[in-house]
Each structure stands twice: as C-alpha cells, then as structure tokens.
1. Under a cut-off of 20 Å between alpha-carbon atoms, report the aspartates and glutamates in cross-link reach of Lys470, not counting same-chain residues fewer than 8 places apart.
2. Give me, ordered by chain and number, the residues 5 or more places off Val424 or on other chains with an amide H under 5 Å from its own placed amide H.
3. What order do Arg215, Arg144, Arg114 take when sorted by accessible area (1.4 Å probe), most exposed first?
4. Considering only DSSP beta bridges with both partners in the chain, what is the antiparallel share in %, to the nearest 5?
5. If I ignore ligands, DNA and RNA and count only protein heavy atoms, how much of Asp351 is accessible to a 1.4 Å probe, in Å² to the nearest 10?
6. Over the chain, with every protein chain in place, what whole percent of the accessible area is carbon and sulfur at 1.4 Å, could you tell me?
7. Rounded if a/c is under 1.5, else prolate if a/b beats b/c, else oblate: with a ≥ b ≥ c from the C-alpha gyration tensor eigenvalues square-rooted, which is segment 551-659?
8. How high is the relative contact order of the chain? Use alpha-carbon pairs under 8 Å, at least six apart in sequence, and give a whole percent.
Amino acid sequence: MTHGNSGDGGDIASLDEALGATVRRTGALAGGVYLLVAQEPVLGLAAVCGMPVTTVAPWRRVAVSAAGPLSEAVREDRLVWVGRQEDMARLYPNAAAGMPYQFAAAFAPLHGVRRYGVMALVWSKSHPPSLTPRERGHIQSSARRLTQVLDRAPASWALPDQPRTVPLRRPDIAPAQAQLAAVDLVQRLPVGALSLDLEGRVTYLNDAAARLLGRRPDRLLGNLPWQAVPWLDDPVHEEHYRAAVFSREPVAFTALRPPGRWLDFRLYPDESGISVLVSPNHDRHPADAPAPPRISSPLTTPKSGTGRVHQLIHLSAALSQTVTVTDVINVVADQILPAFGAQGLVVSAADSGRLKITGHRGYDPRTIARLDGLPLDTDITPAGHVLRNGVPAFFADPGEMARAYPRALTVSGKQAWAFLPLVVSDRRVGCCILSYDHPHPFSAGDRAVLVSLGGLIAQAMDRALLYDAKHDLAHGLQQALLPTTLPLVPGLTVAARYLPSAHGMDIGGDFYDLIRLSDTSAAAVIGDVQGHNINAAALMGQVRTAVHATAGAGPGEVLARTDRVLADLETDLFVSCLYVHIDLAGRRLHLASAGHPPPLLRTAAPAPQTHVLEVEPGPLLGIDANPGTHYPVTTSPLPAGSLLALYTDGLVETPGTDITDSITALARHLTSAGDQPISDLADNVVHYAVPRHAYTDDIALLLLRSL
C-alpha cells in the first residue's frame with residue numbers, strides 16, 4: 001500500500017496491525033479495508049487479511065452507487081450486517097449473484113476527519129444469523145481504531161496497484177522435532193495429502209499425493225493444482241477451492257484422472273490454508289466415465305478463472321435491471337469501469353452512418369464534442385471500424401494505437417483502449433470504449449471477459465434504445481394533450497404538477513384542466529384513464545375535449561354527457577374523473593365525481609385545518625352503457641384564503657396500505673405545510689408523497705387557492 005507522498009512505512013504497518021488485530025479479536029475468518037478513490041465515486045480494496053487476494057479480485061473496485069452492502073455502508077454511514085446467503089439474495093440480489101457462497105459478513109464505515117471507506121469482515125455460515133450487542137461493539141470499536149490510524153496519516157492514503165496481503169499471524173507452537181515427526185506421519189499415510197496456502201498454491205505434499213496426481217513433487221510445489229495437473233484444469237475444480245476459502249467449510253468432490261480412474265478430494269480449510277486429502281474412489285468404474293476433456297491450448301495460456309465468471313454474473317445481473325440508455329451508461333461507468341481498472345468510457349450508437357455518443361465518463365467535454373457525430377469510416381478513432389466489422393480491438397499502449405490510427409492519439413490523451421462492438425443478432429447497435437490513463441496490457445482472459453461483457457452491454461443497450469424511443473413518442477403525445485398553461489381567473493391562484501411513473505415502458509392517462517367560465521367562476525377537472533399506453537393517452541385527450549365542450553353546465557350533467565361520449569367511442573377503458581364548479585362570487589363549490597379520490601380543502605380560519613370533502617361518487621366513466629347514468633352533485637362552502645387540492649391516486653396509493661389512511665396523512669401534511677407560495681406548496685406535496693409511495697403510477701396534482 002502506498003501512502004500519499006510521505007513515503008513513511010510506519011502508518012502502513014499500523015494499518016496492517018490494526019486490520020490483523022481486528023480479524024483475530026472479532027473471530028472473523030477474514031477482513032479487508034476498502035478506501036474511497038480520490039475524485040472518483042469508487043471504493044478500492046487496499047488491504048486484505050485471512051483471504052487470498054485472487055478470490056476477491058473481481059470486487060477490487062466497487063462503485064459507491066452500486067446496489068450492495070459495501071456501498072450501502074458508505075452511503076448511509078452505518079454498520080451493515082448480512083447473516084445468511086439468503087439475506088444477501090433477498091436484499092442485494094446483484095451481489096449475491098456474483099458471490100454464491102455461504103458466509104456471514106459485516107461492513108462498517110470508516111468515518112473520521114473525513115469519510116475514508118469501509119471495513120469488511122467475513123465469518124463462516126456457522127455464525128448465528130444475528131450479531132450480539134458485544135460483537136457489534138467489537139466491530140464498531142475496531143472500525144474506530146482503523147479510522148484513527150487513517151486520521152493520523154500526514155497525507156492522504158492512496159490505493160496501491162495491488163491490494164496488500166496482511167498475514168494472519170499465529171504463534172508457532174511446534175518445535176523442530178515435532179515438525180519432523182509430523183512429516184514422517186504424513187508420509188506413512190496411504191492417502192495423498194497436500195497443503196495449500198490461501199492463494200491455492202501447493203506448499204507441501206506426500207509421496208502418495210504425487211503418485212495419485214501423476215506429477216513429480218517439483219512440478220506441484222509452488223503451483224496451483226489446476227494449472228500443474230492437466231486433468232484438473234477445469235473451472236469446476238477451481239470453484240471447489242473458492243467455495244472452501246469463502247465458506248471455511250469442508251468441501252468434497254470427485255474428479256476423473258484419465259483414462260478412467262476416479263479420485264476423491266476432501267478439502268479442509270482454516271485461516272492459514274487448506275489441507276487436501278486425495279484417495280481412490282472404488283465405487284465408480286471406468287464405464288461410468290465420460291470422455292476426458294481435450295486440452296486445446298497450452299497450460300500456460302491465461303484463463304479467466306471462476307472469479308471472472310462470478311464477476312460476469314454480477315455485472316449481467318446489474319445490466320438486466322437497466323431500463324433507459326442512461327441506466328445502462330451508469331451501470332457501465334459505476335460498476336464495469338472500476339471492475340476493470342479503466343478510467344474513461346465512451347458509448348456510441350450507430351445513427352444514420354455516424355457515431356452518436358450516448359454517454360461518456362472520464363473525458364473532457366471538448367473531446368466528446370469533437371468525437372460526437374463522426375462518420376463510421378473516420379480514422380480519428382477505431383470505433384467506426386470496430387462497429388462495421390464487429391471485431392473488438394485492444395491497444396495496450398500508445399505505440400500500438402499509433403501504428404493503426406496515428407490521429408487518435410491527439411484526441412483524448414489516453415494510453416490504452418478496449419473497443420468493444422455492441423452487436424445484437426448481426427445488428428450493429430454501437431461501440432463501447434474503455435480507456436486507461438496509463439498503458440494497460442490485456443491478457444487473453446481479460447479479452448475473453450471483455451468480449452463477453454460487450455455482448456451483455458449490447459443486449460442492454462438495444463433494449464434501452466427501444467425503450468427510450470417508445471417512451472419519447474408516448475411522452476410527447478401525452479404532453480401535447482395536457483394543457484401547456486392554465487388560464488388566469490381573478491380571485492384564484494393555481495399550480496399544477498404532473499409526474500410520469502418511475503417504472504414501465506409506456507405512459508398513463510392522468511389529466512387535469514382549469515376552464516375559465518366567467519370573471520367569477522371556473523371549472524376544475526382532474527381524471528385518470530385506465531391503463532398505461534398510447535391508447536390511454538389518446539382517450540385522455542378525448543375526455544378533456546368532451547369536458548371542455550360541456551363545461552358550464554351542472555357538474556353532474558358534464559360527467560353524464562362525457563360518459564355518453566365514451567359510450568359512442570365504444571372503448572373498453574374506464575375513466576375516473578372529478579369535476580368542480582368554482583363559484584367565487586358565492587364562495588361555493590359544486591362537485592361531481594365519477595369514482596375519483598375525494599379532494600382536500602384546507603381552511604385558514606380560525607386555525608389552519610384540512611379535511612376531506614366527502615363527495616357522493618357516481619360510476620366510472622365508460623363503465624355503464626345506460627344513457628341515463630346519474631352523477632350526484634355535492635355542494636361545499638369555499639371560505640376566503642382556503643386551498644383546494646385535486647389529485648390522482650398515484651399520489652396516495654400504496655400496495656398493502658389503506659388509501660383512506662394515505663389521504664388522511666396527506667391532509668395532515670397540507671395543514672402542517674404552512675402558508676407558502678402555491679407553486680412551492682405543490683413541489684412540497686409531491687416531494688412529501690413520492691418517497692412514501694410505490695411511484696409506479698402517474699401523478700397529477702392541481703392546487704387552487706381562493707383569495
């Protein structure tokens with residue numbers, strides 16, 4: 001670990017000592033320290049104790065905005081505990097997809113003179129599902145000690161190129177004679193015995209293990225078994241090792257040694273390493289054996305390993321939850337970019353023979369302006385060539401780029417690039433560019449994972465582009481049908497708000513209107529067409545037109561005539577609607593409802609008070625084919641200075657909650673909101689209601705204050 005510009009190793013030793021002491025004191029299997037990366041919303045792994053760095057390599061960089069316990073501990077500045085894998089799957093499904101192991105974990109924020117990051121601790125699945133108060137106290141006091149070490153540093157902590165491995169020291173209780181006796185004991189065993197360190201490397205083996213594995217001891221010592229033994233070179237076997245390291249529970253599996261000999265492997269892990277016993281399996285016969293796998297590449301070829309596989313699962317889960325193009329860009333920038341150590345991102349979409357930049361991160365806006373809209377055959381960037389051919393391109397340093405695209409170096413100043421074509425079913429969707437501030441070699445494993453990732457990004461981007469196109473079309477239609485401005489009515493101030501739903505592909509049919517009838521009267525109307533599609537928006541426009549055509553008649557008659565219009569249209573959609581005739585001269589309200597939520601009236605004297613106007617409801621518009629449908633009219637006084645609130649159910653409706661209780665709570669909020677400008681009050685009401693409700697439906701709000 002490097003430390004600012006001080007070059008002082010004392011603080012590094014103090015941090016190592018504090019982390020190791022924390023793991024021993026809390027009884028955890030392993031622990032780690034994640035520090036915030038300067039000027040980036042990313043957490044980077046600085047040090048790990050009791051766990052091999054290779055097993056956590058896919059999570060060396062974690063975006064603060066990511067949906068996971070590590071990020072949540074930083075964002076909410078609180079201790080986060082996950083006691084079971086089921087809890088991880090329920091609370092953080094993306095994180096669980098990438099770490100399918102049984103363990104318990106705590107994540108404590110490191111917050112001193114500034115926010116440093118997070119301390120992570122891991123226990124085996126045998127830990128009770130809840131923390132005791134004593135354990136919680138140990139964790140929090142340990143986090144404070146680590147924070148004090150960070151506070152004492154004379155300069156800012158800087159992340160190392162590789163996380164520091166802090167040894168979990170134990171007292172050596174075995175004298176030399178006992179060690180020799182132990183070696184003799186293991187050599188006499190009829191079964192194979194190997195010792196692996198936490199990184200998975202063989203540190204000791206007996207003669208029986210060498211015979212069973214078919215390799216000389218010198219070919220095994222210091223190496224990973226799945227790299228030194230050809231028939232163990234399978235991600236499944238590496239996954240058994242990872243499961244043992246994470247869970248600290250014994251793991252057993254059977255492997256085939258070609259041509260037809262089955263061997264049993266039993267792994268016994270602890271904080272210092274893994275003991276492995278190997279023995280013949282006499283229950284399986286050569287006839288049971290499948291054909292041995294063909295080794296098509298040398299053992300020295302880099303492989304992505306199961307860690308990268310889990311990383312792909314984690315990132316694909318995050319991409320599967322994206323809806324808009326902005327969502328895709330944010331996931332790529334916040335999670336994929338740090339996972340691969342890149343500093344820059346550009347995502348381009350093919351648009352009429354040009355590269356249209358849809359999102360970027362880590363670039364000067366002037367550079368983006370120069371790159372945006374370039375033709376596909378440009379020689380300023382390889383993006384167009386990569387997109388046309390559908391073949392990824394990797395440039396590890398400026399020299400490689402200069403040989404192929406000399407003009408590209410003068411654009412961004414980056415030092416390494418990965419160009420990933422975004423192709424879906426032979427359709428060129430776009431190009432994703434990851435760039436680095438320093439030269440960066442791309443191993444075969446890295447290239448394989450990035451190419452796979454490009455396919456996932458392409459699928460997500462294709463869905464998002466379609467969503468955005470449909471949403472823009474539907475939203476434009478809906479906005480065209482809503483009033484652009486509300487008329488001025490003497491003696492009345494008005495504010496309106498409309499919020500489309502936070503989820504869903506289409507739009508709804510919520511609408512509102514204010515119709516000036518005379519200098520002393522007006523009609524206010526609000527409604528909600530069933531459904532969330534273009535048909536609902538179109539019907540909303542027809543309902544507004546019908547109400548306008550009959551406005552001025554009695555409220556009940558307006559709704560009855562509108563209902564007959566819907567009958568003539570023969571639509572299968574229903575509409576709720578509330579029509580209010582406002583008589584400013586007589587200080588009266590005349591209301592009729594077609595199954596719509598009741599309005600709220602806040603009076604100013606003698607003290608501010610808000611109550612629900614009980615309006616006798618009639619049937620929904622379009623639900624009854626009877627031409628004689630009757631809509632009762634309710635009359636209520638309108639005192640000077642009073643406020644009338646009309647709204648759609650999206651403002652108050654929450655699954656599992658009685659809507660009456662939500663309306664009552666909204667009335668209390670209106671009373672407590674005080675006397676503020678009506679526009680500010682409209683914002684206040686929306687901001688109050690939205691976090692408390694599902695926000696899966698459109699919201700329309702119309703506030704009217706009599707002077």
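1. Counting by Cα, and skipping residues close in sequence, Lys470 has these aspartates and glutamates nearby: Asp327, Asp351, Asp462, Asp506, Asp510, Asp697, Asp698.
2. Val429
3. Arg144, Arg114, Arg215
4. Around 95 percent of the beta bridges assigned by DSSP in the chain are antiparallel ones.
5. Only protein atoms counted, so the area is about 80 Å².
6. So the carbon and sulfur contribution to the accessible surface is 54 percent.
7. Note, shape of segment 551-659 comes out oblate.
8. 8
The values are calculated or read from the model by the stated rules, or taken from the named source; none is laboratory data. A quick note: this is a predicted structure, and the numbers were derived from the prediction, not measured. Neighbour counts run over all protein chains shown; Cβ positions are idealised from the backbone, glycine included. Heavy atoms of the whole protein, side chains included, go into the accessibility calculation; ligands, DNA and RNA do not. Shrake-Rupley method; radii C 1.70, N 1.55, O 1.52, S 1.80 Å.
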